[in-house]
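Q: Below is the structure I would like to discuss, written out as structure tokens.
The values are calculated or read from the model by the stated rules, or taken from the named source; none is laboratory data. Treat the numbers as computed from the prediction; the structure is a model and nothing was measured. Note that each Cβ is placed from the backbone with ideal geometry, even for glycine, and that neighbours are counted across all protein chains shown.
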Amino acid sequence: MEYRKFGSIDWKVSALGLGAMRLPTKKILPRVDWDESIELIRYAIDKDINYIDTGWIYGLGASEKVLGEALKDGYREKVFLVTKLPMFLVRKSEDFYKYLNQQLKSLQTDYLDAYFFHGLSRNSFKKVKELNLIEKMEEAKNKGLIKHVGFSFHDTLPVFKEIIDFYDWDLAQIQYNYMDTAVQATHEGLKYAHEKGIAVVIMEPVKGGKLANPPEEALKIMKKASNQRTPVDWALQYVWNQPEVAVVLSGMGSKKMVNENVESASNSGINSLSEEDNNIISELAEIYRKSILVQCTACKYCMPCPSGVNIPENFAVLNNVAYTGEKGGMTFLINRRYKKLAKSKKKLNKEYPNGNASFCTKCGECLEKCPQEINIPEELEKVDAILGKGKNISEYYDLNSD
Ligand code: SF4
Ligand code: SF4
């Protein structure tokens, strides 16, 4: 196992961390398989993984309880254990201890190595401030219930920087992979946090599994490489190559996955990728990018639209068409998602823009606001033609540009 610097924390962290959100489930019911999960968690720790990440909602609420059992018999002391305050359930300050105490009980431990605010965004960060939750974190730290404070993040770079600058965090968990260097916290955010001595934990290194199943064109490029790697290994090595990264989380659901990822981790290193490797990764990213029709990052800078168009949602639905293919099995679900957007003035929500692409009047007010320089009215016209009027997507986009 490779170990890495862990921000300002005195712990030699394993390059690979176990994300306990995708534990083995039983065949018939989508429930966590208790025995298999305990065996798997201990197997991963025996393979020298020493960082474990969980959350209140993981495994439909079972993850923390399973971990509580798995970490008996001396395993607790071997790992840096993190769980998260479920921000979406917190309504008042007192809720902080309601959840923390229950989580300590489920995990059968007296302390957490770190406690995170789960999934901070502009709105949930507002809640952190309004309910004085940082003070609660400090208090819990003084009581010895938690050792370090952090947060996981889902929003844009300006929000990330605002949160980073607000408090002396020990850890920050962000989404990052070779496709997502310019979205969410971005590569700039990764560096920003690292420069402040914060340990940066990476989630979604394989983009929710998308980078594990590359299109044919990408596979051909991988086959030509001097260093033969699996698609998952390419994705993981890219992240470990970054000096600012502390630990990379993987939701490993089987011993096979643990073995493969542990082997990848032992071959990892900072700045260890060759020029050829880096060029290959750029080519792979380019191929994936081609399958994204509109490069919208959902930053919402273009919103609100005076005509009530939900601009990022319209583009998100269209991009799903590209991922699944025009005749993909998801078409029904995509159509249903598009139909949820308002298509008549009567259904337009005055408080929240929910209009579909047909509402665009081409006023151009959004044009200068888009950091991705998307010609929003032009693209919305295509969305309306394809998803609203049922036109063939290939009339507007080249889906097979290889
Ligand atoms: S151009 Fe269309 S999407 Fe942009 S602000 Fe005007 S009406 Fe809204
Ligand atoms: S269209 Fe541009 S400004 Fe609007 S959400 Fe997408 S990337 Fe942001």
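Q: For the stretch 309-320, check the following and say yes or no: at least one residue is within 16 Å of ligand 2 (Cβ to nearest atom), more than 22 Å from Pro215 (Cα to Cα) and either over 25 Å from the mean Cα position of the chain (by Cα) or at pLDDT below 75 (or both).
A: Taking every residue of the stretch 309-320 in turn, at least one turns out to be within 16 Å of ligand 2 (Cβ to nearest atom), more than 22 Å from Pro215 (Cα to Cα) and either over 25 Å from the mean Cα position of the chain (by Cα) or at pLDDT below 75 (or both).
Q: When the stretch 278-303 is examined, which residues are found to be part of a helix (DSSP H, G or I) and within 16 Å of ligand 2 (Cβ to nearest atom)?
A: Scanning the stretch 278-303 gives a single hit, Arg289.
Q: Output the qualifying pairs, or none if there are none: Cβ atoms under 6 angstrom, residues six or more apart or on different chains, first residue in the stretch 204-217 and surrounded by 16 or more Cβ atoms within 10 Å (Cβ to Cβ) and at pLDDT below 85, second residue of a type in the set (A, V, I, L, M, F, W, C) and part of a loop (DSSP other than H, G, I, E, B).
A: Correct list of pairs: Lys207/Met179.
Q: Just name the residue that is surrounded by the fewest Cβ atoms within 10 Å (Cβ to Cβ) out of those in the stretch 184-196 that are in a loop (DSSP other than H, G, I, E, B) and not small (Gly, Ala, Ser).
A: My answer is Lys196.
Q: Take Ser268 and decide whether it is loosely packed, with under 14 Cβ neighbours inside 10 Å, assigned by TED's automatic domain parsing to the domain that holds Ser37 and either modelled with pLDDT of 95 or more or out of contact with any helix residue (DSSP H, G or I) (no Cβ under 6 Å at 6 or more places or on another chain) (or both).
A: Against the criterion (loosely packed, with under 14 Cβ neighbours inside 10 Å, assigned by TED's automatic domain parsing to the domain that holds Ser37 and either modelled with pLDDT of 95 or more or out of contact with any helix residue (DSSP H, G or I) (no Cβ under 6 Å at 6 or more places or on another chain) (or both)), Ser268 does not qualify.
Q: Moving on to the next point. Which residue out of Gln242, Gln237, Gln173 is of a type in the set (S, T, N, Q) and touching a strand residue (DSSP E or B) at 6+ places or on another chain (Cβ under 6 Å)?
A: Answer to the check: Gln173.
To keep it simple, each residue is scored yes or no on (1) touching a helix residue (DSSP H, G or I) at 6+ places or on another chain (Cβ under 9 Å); (2) charged (D, E, K, R); (3) over 24 Å from Ile174 (Cα atoms).
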| site | (1), (2), (3) |
| --- | --- |
| Phe80 | no, no, no |
| Gln103 | yes, no, no |
| Gly119 | no, no, no |
| Arg122 | yes, yes, no |
| Lys126 | no, yes, no |
| Leu131 | yes, no, no |
| Ser152 | no, no, no |
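Q: Here is a further query. So Val82 ticks every box in (1) under 24 Å from Glu135 (Cβ atoms); (2) surrounded by fewer than 23 Cβ atoms within 10 Å (Cβ to Cβ) but one. Which box is left unticked?
A: Of (1) under 24 Å from Glu135 (Cβ atoms); (2) surrounded by fewer than 23 Cβ atoms within 10 Å (Cβ to Cβ), only one is false for Val82: (2).
Q: Counting only residues that are over 16 Å from Ala357 (Cα atoms) and surrounded by fewer than 19 Cβ atoms within 10 Å (Cβ to Cβ), which one in the stretch 292-316 is farthest from ligand 1 (Cβ to nearest atom)?
A: That would be Ile292.
Q: Name every residue in the stretch 338-369 that is in contact with a Pro (Cβ under 8 Å, 6 or more places away or on another chain) and crowded, with 19+ Cβ neighbours inside 10 Å, in order of residue number.
A: Pro353, Cys360, Cys366
Q: Right, something else. Looking at the stretch 370-399, which of the residues that are free of Cβ contacts under 8 Å to residues at least 12 places away in the same chain and surrounded by 11 or more Cβ atoms within 10 Å (Cβ to Cβ) is farthest from ligand 2 (Cβ to nearest atom)?
A: Among those that are free of Cβ contacts under 8 Å to residues at least 12 places away in the same chain and surrounded by 11 or more Cβ atoms within 10 Å (Cβ to Cβ), it is Lys391.
Q: Moving on to the next point. Does the stretch 85-98 contain at least one residue that is more than 23 Å from Ala199 (Cα to Cα), in the same structural domain as Val206 (by TED's automatic domain parsing), touching a Ser or Thr at 6+ places or on another chain (Cβ under 9 Å) and not aromatic (Phe, Trp, Tyr)?
A: Within the stretch 85-98, one or more residues are more than 23 Å from Ala199 (Cα to Cα), in the same structural domain as Val206 (by TED's automatic domain parsing), touching a Ser or Thr at 6+ places or on another chain (Cβ under 9 Å) and not aromatic (Phe, Trp, Tyr).
Q: Could you look through the stretch 351-369, keep only residues that are touching a residue at least 24 places away in the same chain (Cβ under 8 Å) and either in a helix (DSSP H, G or I) or more than 16 Å from ligand 2 (Cβ to nearest atom) (or both), and pick out the one that is nearest to Val294 (Cα to Cα)?
A: Only one residue fits best here, namely Ala357.
Q: Looking only at helices (runs of 4 or more DSSP H) that lie completely in the stretch 197-277, which have at least 1 residues being closer than 27 Å to His118 by Cβ and in contact with a Cys (Cβ under 9 Å, 6 or more places away or on another chain)?
A: Per the criteria, no element qualifies.
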